[in-house]
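First the structure, in the form of C-alpha cells, and then the observations on it.
Values in this text are rule-based calculations from the coordinates and carry no lab data. Remember, predicted model here, so these are calculated numbers, not experimental data. Note: ideal-geometry Cβ built from the backbone for every residue, glycine included; neighbour counts use all protein chains shown.
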Amino acid sequence: MRYVVVPGAAGGGSLQPVDDRGTSAGPMEEVDSLAAAVAVRERAEHPRWVWPATDEVYPDLLAAGVVVGRCVDLALTEGILLGYDGRWGEARSLGAAWARLAGLPVPADPPPRSRPAAQQALFETAPESLPGGAAPLDAAVAVHADQLRRVAGEPLGDRLGLLVAAESACALVAAEMTRAGVPWRADVHDALLTDHLGPRPAAGLPPRRLAELADHVAAAFGGVRVNPDSPAEVVQAFARAGVPVSSARSFVLRRVDHPAVAPLLQYKELARLHAAHGWAWLDTWVRDGRFRPDWVVGGVVSGRWASRGGGALQIPQAVRRAVVADPGRLLVVADAAQLEPRVLAALAGDERLAAAAAASDLYSALAADSFGGDRARAKVALLGTLYGATGGDAAPVLAVLRRRFPTAVGYVEAAARDGEAGRLVRSRLGRTCPPPSARWREAQERAALSAAGEADQARARQAARDRGRFTRNFVVQASAADWAAVLLAALRRRLLAGGAPGAELVFFQHDEVAVHCPEQTAPAAAALLSEAAEEASRLVFGPTPVRFPLGIAAVACYADAK
DNA sequence: ACAGACCGCGCC
DNA sequence: AAAGGGCGCGGTCTGT
C-alpha cells in the first residue's frame, strides 16, 4: 500500500491511498494534523509514503516525533528520470513535473534555501500553488503514476527502480541526520584552536600565532610586509627575492629554498584552520553539542551527496578530535576500503582485476600481480586510470595496467570516448551524466568545419578531452555513489527494525558512515553495517567475486577511527 | 558597496 | 609537451 500525501496549511494536509501502479485505491482524505495521520497509518499499515519533496515534508514530521519506514520523493525521482533522458537541469518540483504531464508552461524550481533547514522556522512555507490551478494531491498522484510507468518502461528498469528507491531512502536518512546532528564537543574544539592559534582574539583581529608567523615572513623578506593570504603578493615577494615561483600553492613553495617558506607554509595551514573551522565556525554551526549541516541528497551530478553550511564533507582530520560520542555512547565508523577501484572491477567484469579485488588490500594484490610487488606504483596506475591521467610519470604504469587488465581499462576508456564524442554515460544503476553544454557542441562543430583555424581545433580538442576525463570518472564515481546509497538504505532499514537499539546515523561522506549508539549496541551496529554492505554489493552488482570490505572501528572520538 | 571570478585547500 | 575526477568554502582581486 502507498499513500500519496501533500502538506497543506498549518500542519494539515491531504492523503490519497494508491496501489503499486499508482492507481487510486480508496477515498482521498483531508486531515488537520498530517503528523498524526501519518503516525497512525505508519503503525497500522507501514505504507510507502509518496510526497513531493522529503526535505519539505519530513523535517516537520520528525519534529513531531514521527519516523516513517519508506517513501518516494517525487522531486528526486523526477531529477533522476530527467537525467536518464538527457534532460539534465530541467525543473523537477511537483509543479514542474505536473506541468510537463499536463502540457502546461513549466515553472522554474525555487532557488535552494540559503539557510539550512535546521536554522529555519517550521511551517513557514505556504502550500505550493500548481500550474493550471490543479489540486496538489491530484498532481502528485498523477506524477507518481507517470514516474512508475517511466521506470518500468526502461530496459534498465529494475536497476533504475532500485536507484530511485535508494535515493528516496537517502532523503529520509539526510533529514534524520540533520535532526540528530554530529556529536560535537565545543570545549575540545576551542582547546584545539587555542593550542594551535593562541587564545581567541577579539572579533576581526588575527590570532596571536598568525600575527607572529606573518612577522617571521616579513623578516625573511627583508622587512617587507607581505599579506600571506594574497597569492599575488606572495608570488611577487619571491620574485623580488630572486626565487621566482609559478604560484603560491604550498606544493610549489615546498620545493623552494628560502627562509620565508617555512613560516609561510605554517601560516597557510593555521590560517585555513582559523578561517574554515575556527571560532566563528564554532559559533555558527555548533549548538547544544551538535553540528547540524544540511545534507543535500544527489547534490552532485554523480549522485554523491553535497552539504550546505559548515562544510560538513570537508571536516579536516585535526578538527575531528572534537567529534566525540556522548558519555556512555560510541561512534561506530565504517569506511569502504578502496571503493572506486573495486567498483571498476565489478562494473567492467574484468576477471583478473576482480581477483585482485577479492583481496582485502586491492593495491597489494595488484602490485603482486603486475607491479613486482610495488604497491605505490600499483596505486598510482589504478588511480590514474580512474581519473584520466595519461602522461607524465603515470605513463609507464598505465601501460602496464592496460596490458594486464584490458577489460577494466577498456571500460573507462570507452566511457572517455563516449564523453569526447558528446554522448551520455550512465552509472551501474542508471544515473546519467549531463549532456555537453551548447558552448561545447558549438566548439566541436566549429572545429569540424574545413575553414577552422588551428586555435579553434586545439580548443575543441581540449574541451573534448576534458569531457572524456569527466565521463571516464563519472561511470566509476557514480556507480560508487549507487553502491553507497543502497548501503545507506539497507542500513537504515536494519536500524529501524531495532537491530541496534538506540543507534542513529549521524554522518555520511561518500564512502564512510558513522553511527552514534550506546556502548553495548556497538557490536550489533557494526554487524548491521557489514550486512548492509553485503546487501548493497549483491543488489547493485549481482554475483561478483569482487569484495567490498568495510573497515569498521568503534571509537569514542572520530579522530581515532583511522 | 557589492557581485562574481579566481585562487588555494580541506574532504572523498 | 603535457595532459587528474567530484565538491564547499573563505580569501583576494576585479569590474561595476
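A compact table of results
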quantity	calculated
Inter-label distance, nm, simple model (7 Å from Cα along the C-beta direction), A:Asp374/A:Ala239	3.9 nm
R0 of 35 Å, Cβ-Cβ distance A:Asp560-A:Leu496: FRET efficiency to nearest 0.05	0.80
C-alpha long axis of helix A:395-404 to longest principal axis of chain A, angle in °	40 degrees
Helix-only CD estimate at 222 nm, as mean residue ellipticity for chain A, using -39500 (n - 2.57) per DSSP H run (n ≥ 4)	-16000 deg cm²/dmol
Cα shape, region A:187-282, gyration tensor, a/c 1.5 rule	prolate
Anisotropy class of region A:330-374 from Cα gyration tensor, a/c 1.5 cut	oblate
0 to 90° range, to nearest 10: angle between helix A:186-197 axis and chain A longest Cα axis	20 degrees
Computed lengthening from A:Val188 to A:Arg320, 0.36 nm per intervening residue step minus Cα-Cα distance	46.5 nm
Whole-Å distance, taken between Cα centres, linking region A:339-358 and region A:236-270	42 Å
Global form of region A:323-444, assessed from the alpha-carbon gyration tensor, a/c cut-off 1.5	oblate
Percentage relative contact order, chain A, counting C-alpha pairs under 8 Å, at least six apart	15 percent
Inter-site label distance for A:His196 and A:His216 at 7 Å from Cα along Cβ, in nm	1.6 nm
Estimated dipole of chain A in Debye, rounded to 20 [Cβ of Lys and Arg +1, of Asp and Glu -1, Cα centre]	1560 debye
Additional length obtainable on full extension of the chain from A:Glu519 to A:Ser129, 0.36 nm per residue less Cα span	135.6 nm
Cβ-derived FRET efficiency at R0 25 Å, A:Ala306 paired with A:Leu156, nearest 0.05	0.50
For A:Cys557, A:Cys517, order by how many other beta-carbon atoms lie within 10 Å, fewest first	A:Cys557, A:Cys517
At R0 = 22 Å, FRET efficiency that the Cβ-Cβ distance of A:Leu101 and A:Arg423 yields, to 0.05	0.20
Acute angle (nearest 10 degrees) that the helix A:522-541 long axis makes with the longest principal axis of chain A, alpha-carbon atoms	80 degrees
Gained length - A:Ser364 relative to A:Ala25, 0.36 nm times residue gap less alpha-carbon distance	116.4 nm
